[in-house]
Amino acid sequence: MHTQLKELVAKAEESIAACRTPNDILDARAAYLGKKSVLNGLYARLRELAPEERPAFGQLINEARAKIEALLVAQDKEIKNAVRAQQVQQELDLDMPGWMSPLGSLHPVTIVRKKIEAVFMSMGFEVAQGPEIEDEYHNFDALNTPQDHPSRNLADTFYLQNGKLLRTQTSTVQIRVMEKYKPPIKIISPGRCYRNDKPDPSHSPVFQQVEALWVDKGISMSDLKDSLQNFATAMFGADVKSRIRPHFFPFTEPSAEMDISCVSCAGEGCRVCKQSGWLEMGGAGMVDPAVLEMVGIDPEIYSGFAFGLGIERIAMLKYNIGDMRILFENDVRMLRQFRGESL
Amino acid sequence: MKISKNWLSHYLTHDLNDHQLSEALTFSGIEVEAMQVMPRLPEELVSAKVVSADPIEGSDHLKVCRVDANHPDGLIQVVCGAANCHAGMMAVLAQVGAVLGDLTIKKVKLRGVESSGMLCSEREIGLSEEHGGIIELPADTPIGVSANQLFGLPDTVFELEITPNRSDLLGYIGIARDLSANLGLPLKLPEINEITAFAKENLPFKLRIDEPELCPRYIARLFSDVVIGASPLWMQVDLIKSGLRPISNVVDITNFVMLEQGHPLHAFDYDKLLKEEPGDPGPAVIVRRAKPDESFHALNKKDFQLREIDLVVADGQNPSALAGVMGSSGSAISNQTSRIVLESAAFDPSSIRRTSYHHKLTSDSSYRFERHLSPERTLVNSLRATELLIKYAQAKVASELIDHYPVVDTAKYLALRPANFARLIGYPMETEKIKSYLTRLGCEFIQLGAWCNEALDDVAKIQAVTDDQPAALWFKVPQNRVDLVREADLIEELSRLDGYDKIPMKTPPSRIMDHHASRIQDLVARHLVSQGFFEVLNYSFNDPASLQDLGIDPDINTQKLINPQNSNQSIMRVSLLPGLLENIHYNLNHYERDLKLFELARIYPADHETEPLRCTALLTGNIGETHWKYKTKPLDFTIVKGILESLAQLLDLQADEVREYRAPWLMEANSLAWYVGGEAVMMMGLMDAEVCEKFGIDLGTLDQQLWMIDIDVHRLIELTRKSELTFQELPRFPAVYRDLSFLVPESEKWQRISEQVMSVDPELISGVQLLDQYRGKQVPEGYRSLHIRFKLQDQEKTLTEERIEQIVASVIDLLTKQCNIQMR
């Protein structure tokens, strides 16, 4: 029986060393230590021995059992380590590019429009839409534009054969919203506008504008300055200053031009701001009482401000684009640069 | 807190139904947590006298009773199993024919004994959950009185949640007062008179408050000749409906007054109280802190080891009560009691809360005291209980009112600026209305005076109105309203009473912006960007010649400019395609080979009222950039289709059908569209090389394909406007997958094959996947080999192998018949 035990341990050692997978280990454990294993059978055969020999031999079986167990654990660990080592790639050049799914971009003008929308929506403005093909009433008459005003000329405005025209500014949406809704009205209206300008570095016959309008009880120039500064801060950073200076528009009274401090030289004076330190952003003012009356809002009760911004111009300032025509070339080498701004 | 509508109606004149009362409470700020309707009982339920009750032979508990209910046929025989059923008692009998819920009382035989009715428990008549025995009515109840009359039915019990700041609402009168203020209904308070007739004897007694900060007021009154017994039935019923059990007339009266007035009382047995000094003429009540190691055996039979911070009401020697929380068992009213001390006191709320929390001992009393009760209410409380004790316990007053009031709760005066109501609430309220509301709450208008930010305790301190201080209305605040301490509290009361529904909305909800349209437009653009597309912006014009090149008539359905800058910009665009073709041409000329471009913009067809949004895209070259490991491939039909399939998934677009699409600029065989309502919403296809050439794009030389995607965004916005996702419960049983591989004629399309598979058992087959397609060796001409996998899922049980095999066989059978497949 002693010989049998020795042989058994030797055989176990051999076959455990031959194990190559975790499953092999499970099989070996069952074969050598399991219920039906030879080793387990030896316990039953103890009673074949003389009573005084039994404890010593029992001890021997236990030792054999412990030895096989230790071998199994060691081999199992070795196998698992080997599997782990295999899973780690050797000879990997960590610098080589990873695989990316292709990523495109929005157009920079869209990116800036969406940023502007987000800024104003965070201030509680709603985004309103209106037609680009307009009638003279909404584009000129309702905005208090005199009948003989030069902007109504064919040289300035595109007209269609059906008597309509292409809106020259998004203020038309203000009129349409005020016709339909009663104050409080707090909207911006972004969209395409058209003027009969030849394309050059700062002009385009097709361009985008965003117009802001806030009509309620007690709205004043002070609210206009607030909104302008909030917009400038959100768009260009906390250091940017804003100002308004007197101007004239037929549809606002008082009227103003809006400036922000030059984003390129921080107001020091440079090529971008033509040494003035300020950049013109657009027109603004308190909605003319005549305009309010025209849409049936009592100017004695309500007041409101409006301002308009050119989106291309803001995009050019924000991204330091020198020529507006680049925006309409749609060169993917330009578009590719805006991947990081798009989603 | 539970309140019965019938009891409440003693204090409030109203004709509200349950729903209206519930609404009124809710909008008064008192949340109704539950409402329990106690319906009218059948008229067959009457009071009856149990004349005899004899055990039935062979039963351990049943008794045969002969019951007198003034029935014309004489005594009624009823079998009853209740332990408390005994001869001579007054009980409630449900006679034959009565319907109690699901139970109809019939003539039956129990253990061979005839029974013609049922003696009822409280639960059986819906009064409470009590079912330990039958109801025992007071002995003097007349026979034959309707149970509805006896128990005040029908009634409705409201379970209320009182916010912790409103200690004044912890009783029926408080609730009634608030409702009366809210609804403008008359309040009816019970008349309470000081008792002038005294007993012959004036019992000796000593009262002392050692901790005036913790017990600002203590009123004691002694009674003699008290007859302990049951309280009147109406009082018992009122208590039961409010969630308390009747105990004895004295205890019931203290509970009744607590529920009515909202202020707890306690009664001690005078003869169980000890003297402080042996020489004292009578026992003492001393309000003091517990002594070190003092213990206390409470009414609920539990022992407590007291701490020095616990406030106790002691007799001359030992604690007789944990002040405001619970009395001791030793000093409690028993059947032998004939002389009592009635306590009506006020305690410091924090002290009560600390003691109650530490000893994990709460009671109806501690619940009220820890919410802060005014000492001012103790007097009315004591007088009300006195009246009831005299009336219902034959008590004789045996002392003056012994009132110790060391820390006087002075009345507070608060100023209210009407303009501040408008500033905080958003609309103005006239002065008269303000006065009226606050008066109904128990406030008293004093005068106009200068505004002052703090509560005053003396009318004389109110300053005259000056120029630099706005005029304010000064009110005296009722002392039970411990929560009214600032102007803002009064403003809250006014707004609450006038109704929060009166508060105007300043800015109407978003109504101008079409949020959905904006979101869908955004999703489409961002989806394409995430698939590698670049957005382009082109002018809003079309060149008539370009339209002709695409096969579009420039004179039909277009709007033309009078003064275009160039003749090639003379039409408001009806297609985004020419601009994109120019962009492709431009970029190919700049040696960019892999291009994915889209424009999302308005088009301007003449027949359209709005300017519809459109999204068109062109793509050519490889799927992605070249990569050292994962080689890229040229774009093909499957890739382009996948872009639109994932968009449809993103937008939850349910197309009626997906089938071929025709456009003059597309190759017929490779074009596809998603149709809803017969119209294409999303389209795709391979651009005709001949058309491309007209735009200067030579696909042949480049050896590239140019694919087009076109999306009617305007329609997509409308189609997705009402989509609502509903979560599907996750399956509780495992799904099973089965694969099939077969040959199928080329003429059989995948759509039909997958539909056929699903149709075998739409309940069980929850999905079909295409794993592989193979043509070539071993596949005969005109056939392809498909490898599919379908998913079996039973919502109710785990599928058996047998059932699975059955379904697989059915699938094969159906595909063989319908699609001419051959299994491989």
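For the stretch B:9-65, the list of trypsin sites (Lys or Arg not before Pro) that fall in a loop by DSSP and count at most 13 other C-beta atoms within 10 angstrom reads B:Arg40.
Over all directions, the projected convex hull of the C-alpha atoms in the stretch B:515-719 averages 12.3 nm² in area.
Out of every Cα-Cα pair that the stretch B:463-510 contains, those further apart than 15 angstrom amount to 64 percent.
Evaluated with a Cβ-only charge set (Lys, Arg +1; Asp, Glu -1), chain A carries a dipole of roughly 1380 debye about its Cα centre, given to the nearest 20.
I need the shape label for the stretch A:108-342. Rule: rounded when a/c is under 1.5, else prolate if a/b > b/c, else oblate, with a, b, c from the alpha carbon gyration tensor. Because a/c hits 1.5 or more and a/b fails to exceed b/c, the stretch A:108-342 counts as oblate.
In debye to the nearest 20, how big a dipole does the stretch B:206-404 give about its Cα centre with +1 on each Lys and Arg Cβ and -1 on each Asp and Glu Cβ?
460 debye
Residue-normalised convex hull volume from the C-alpha trace of the stretch B:712-824: 145 Å³ per residue. Please work out the Cα center distance from the stretch B:62-128 to the stretch B:326-382, rounded to the nearest Å. If we compute the Cα centre of each part, the gap is 41 Å. Which aspartates and glutamates, if any, have their Cα less than 16 Å from the Cα of A:Lys180, not counting same-chain residues under 8 positions apart? Result set, ordered by chain and number: A:Glu126, A:Asp216, A:Glu293, A:Asp298, B:Asp514.
Under 8 Å for C-alpha pairs, at least 6 residues apart: give me the relative contact order for the stretch A:108-342, rounded to a whole percent. Could you put the intermediate results ahead of the total?
Values: 437 pairs, mean separation 49.4, N = 235.
21 percent.
Over all orientations, the stretch B:531-647 has a Cα convex hull whose mean projected area works out to 9.0 square nanometres.
Relative to the first principal axis of the alpha-carbon coordinates of chain B, what is the inclination of helix B:515-530, with its axis defined by its Cα atoms, in degrees from 0 to 90 and to the nearest 10? The angle comes out at about 50 degrees.
GluC sites (Glu not before Pro) within the stretch B:157-195: which are DSSP loop residues with at most 12 other Cβ atoms inside 10 Å?
Qualifying residues, ordered by number: B:Glu191, B:Glu194.
Net charge dipole, the stretch B:515-719: roughly 600 debye, given to the nearest 20, about the Cα centre with Cβ charges of +1 for Lys and Arg and -1 for Asp and Glu. Per the Kirkwood formula applied to alpha carbons, the stretch B:435-555 shows a radius of gyration over Rh ratio, Rg over Rh, of 1.54. Each principal axis of the Cα cloud of the stretch B:300-348 was taken in turn, and the coordinate range along them, longest first, works out to 33, 25, 20 Å. Annotation: the residues B:Ser52, B:Ser351, B:Ser510, B:Ser374, sorted from fewest to most other C-beta atoms within 10 Å of their own C-beta, follow the order B:Ser510, B:Ser52, B:Ser374, B:Ser351.
What's the tally of Lys pairs in the stretch B:515-719 whose alpha-carbon atoms lie under 29 angstrom apart, where the two lysines are 8 or more places apart or on different chains? Lysine pairs satisfying the spacing and distance rule in the stretch B:515-719 number 11. Exposure here means at most 14 other Cβ atoms within 10 Å; with chymotrypsin sites (Phe, Trp or Tyr not before Pro) in a DSSP loop as sites, the longest stretch of chain B lacking them is B:199-590.
Against chain B, whose longest principal axis comes from its Cα atoms, helix B:249-261 is set at around 50 degrees. Computed over chain B, the quotient of the alpha carbon radius of gyration and 2.2 N^0.38 Å is 1.56. Evaluating kT/(6 pi eta Rh) at 37 °C and 0.692 mPa s, with the Kirkwood radius of the stretch B:206-404 over Cα pairs in the Stokes-Einstein relation, gives 198 µm² s⁻¹. Put in line by how crowded their Cβ is, counting other Cβ atoms within 10 Å and starting with the fewest, B:Lys502, A:Lys114 read B:Lys502, A:Lys114. Classify the protein assembly as shown as rounded, prolate or oblate, taking a ≥ b ≥ c as the square roots of the eigenvalues of its Cα gyration tensor: rounded when a/c is under 1.5, otherwise prolate if a/b is larger than b/c and oblate if not. Verdict is oblate for the protein assembly as shown. If you take all other residues with their beta carbon under 14 Å from the beta carbon of B:Ser116, and give Lys and Arg +1 and Asp and Glu -1, the sum is 0. Inside 10 Å of the C-beta atoms of A:325-336, what's the mean count of C-beta atoms belonging to other chains? So the per-residue partner count for this stretch is 5. Its Cα gyration tensor gives the stretch A:2-87 an equivalent ellipsoid. The semi-axes, each the square root of 5 times an eigenvalue, are 30, 11, 9 Å from largest down.
In the stretch B:508-574, which trypsin sites (Lys or Arg not before Pro) fall in coil by DSSP and have 16 or fewer other Cβ atoms within 10 Å?
Sparse-neighbourhood loop trypsin sites (Lys or Arg not before Pro): B:Arg511.
Around the amide H of B:Leu110, modelled in the peptide plane, lie the amide H atoms of B:Ser115, all under 5 Å away and 5 or more residues distant in sequence or on another chain. Annotation: lysines with alpha-carbon distance below 28 angstrom to A:Lys35 (same-chain offsets under eight excluded): A:Lys6, A:Lys11, A:Lys67, A:Lys77, A:Lys80.
Across the stretch B:459-618, Cα pairs under 8 Å and at least six residues apart give a relative contact order of 18 percent. Working note: 222 nm ellipticity from helices only, DSSP H runs with n ≥ 4, each -39,500 (n - 2.57), summed and divided by the residues of chain B, gives -7500 deg cm²/dmol to the nearest 500. Look at the dipole of chain B built from charges on Cβ: of B:Val757, B:Phe296, B:Leu653, the Cα furthest out on the positive end belongs to B:Phe296.
Normalising the average separation of contacting C-alpha pairs (under 8 angstrom, six or more residues apart) by the number of residues puts the relative contact order of the stretch B:736-823 at 44 percent.
Does the stretch B:45-153 come out rounded, prolate or oblate, given a ≥ b ≥ c as the square roots of the eigenvalues of its C-alpha gyration tensor, rounded meaning a/c under 1.5 and, failing that, prolate meaning a/b above b/c? It is rounded, given that a/c, with a ≥ b ≥ c, falls under 1.5.
In chain A, the sites counted are GluC sites (Glu not before Pro) in DSSP loop states with at most 10 other Cβ atoms within 10 Å, and the longest stretch holding none of them, exclusive of the sites, is A:92-299. Would you work out which of A:Phe125, A:Ile321, A:Phe207 lies farthest towards the positive end of the dipole of the stretch A:108-342? Charges go on Cβ: Lys and Arg +1, Asp and Glu -1. About the Cα centre, the residue reaching furthest to the positive side is A:Ile321.
As a rough footprinting exposure proxy, the listed residues B:Asp269, B:Asp73, A:Asp135 were ranked by other beta carbons within 10 Å of their own, and the order from fewest upward is B:Asp73, A:Asp135, B:Asp269. To the nearest ten degrees, helix B:750-759 and the longest principal axis of the Cα atoms of chain B are 30 degrees apart. Within straight-line reach of B:Lys391, meaning a Cα separation under 29 Å, sit the following lysines at least 8 residues removed in sequence or on another chain: B:Lys2, B:Lys5, B:Lys49, B:Lys188, B:Lys200, B:Lys206, B:Lys241, B:Lys272.
No value in this document is a laboratory result; all are computed from the given coordinates. As the structure is a computational prediction, the values presented were derived from the model and not from experiment. We place every Cβ from the backbone using ideal geometry, glycine too, and count neighbours over all the protein chains shown.
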